[in-house]
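All remarks here apply to the structure that follows.
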Amino acid sequence: MAYVDNGTVADPNDALQVGVLLWNSTLPEVPVAMRQARSAIVAHIETTLQMDRQEADAFYDEMIKRKAYLFPDEIQPEGAMTMFMRKEVEYLITPFEESQLHLSDEIIPPHGDDDTFLHALEQLDARIDFGEDYGEWEADFFAVKDLCCERYHHWLRAKGVPETLSQQFSFCLEPYLTFIYQYDAGSILDVLPDALEEFFMDWLIRKVMVKPPEYT
């Protein structure tokens, strides 16, 4: 993005495309027929980043070496949806201070609003099982999601969780419900282990921006 910041490239997508071409050129599973030749990528770099041929060649070599250094093949898990990246900077991630939580051991009795939420959830699942299109139940899904977060927030407060934390915790349900229902990962009562792994190891990392202590 340095080339965007200094005005060399006007559109960030053009700079991103350079990165995509370089990255894809290193992937062994990309068929040879679909992989762009080095000369074509260098020509693209030359045009996009306003370099001469020699500079573009050197840039190509530098970025390929950089990728190999940051993502060494020998440390990558086989068949995983994420990759391990070499650390160049160390960060101290402060553990969550669990002493902030003093949860009551009392069972929280159901509330009338809990019945409303559960009925709405059952109706939503029934419509999905029946085969209704997403557009037909989308609005009801958002209503159920809001009800679910509201009831979870109520339960957290009843268990003694401080207001600031209960708001954060209840927000955690939103991306989970979105993944389950909008990405066809099953239903809330029937989530496959592979789907859970995808949620935590791939989808959540890409969709939710949080500080490291909050994610852990």
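Taken together, the values in this text are just the output of simple stated rules run on the coordinates, not laboratory data. The model shown is predicted, which means the values in this text are computed figures rather than measured ones. Positions of Cβ are generated from backbone atoms using ideal geometry, with glycine treated the same way; all protein chains shown enter the neighbour counts.
Using a basic spin-label model with each label point 7 Å from the Cα along Cα→Cβ, how many nm lie between Phe171 and Asp113?
If labels sit at Phe171 and Asp113, their model points lie 1.9 nm apart.
Calculate, in nm to one decimal, what Lys159 and Asp129 gain on full extension: separation in residues at 0.36 nm each, minus their alpha carbon distance. Could the numbers behind the result be given before it?
Values: separation 30, 0.36 × 30 = 10.80 nm, distance 3.40 nm.
In short, 7.4 nm is gained.
Using alpha-carbon positions, what is the distance between the centroids of region 143-161 and region 1-60, in Å?
Each part's Cα centre sits 48 Å from the other's.
Does anything in region 140-175 have its amide N under 14 Å from the 7 Å Cα→Cβ label point of His102, and if so which residues?
Residues passing the 14 Å test: 159-163.
Can you give me the long-range amide H partners of Cys172? Hydrogens built in the peptide plane at 1.01 Å from N, cutoff under 5 Å, separation of 5 or more residues or another chain.
Distant-sequence amide H within range of Cys172: zero hits.
Stretch Glu90-Thr8 to full length: gain in nm at 0.36 nm per residue minus the Cα-Cα span?
Here the segment from Glu90 to Thr8 would lengthen by 26.4 nm.
Assuming R0 = 41 Å, what is the FRET efficiency of Ala43 and Phe142, from their Cβ-Cβ distance, to the nearest 0.05?
0.30
At 0.36 nm per residue, and after removing the present C-alpha to C-alpha distance, how many nm does the segment from Tyr183 to Asp61 gain when stretched out fully?
Residue separation times 0.36 nm, minus the Cα-Cα distance, leaves 40.1 nm.
Relative to the Cα centre, what is the charge dipole magnitude of the chain, using +1 at the beta carbon of each Lys and Arg, -1 at the beta carbon of each Asp and Glu, and rounding to the nearest 20 debye? Intermediate values should be presented prior to the final figure.
Details: 16 positive and 41 negative charges, 190 e Å.
Computed charge dipole of the chain: roughly 920 debye.
Specify whether the C-alpha gyration tensor of region 101-215 places it in the rounded, prolate or oblate class, a ≥ b ≥ c being the square roots of the eigenvalues: rounded for a/c under 1.5, otherwise prolate if a/b is larger than b/c and oblate if not.
oblate
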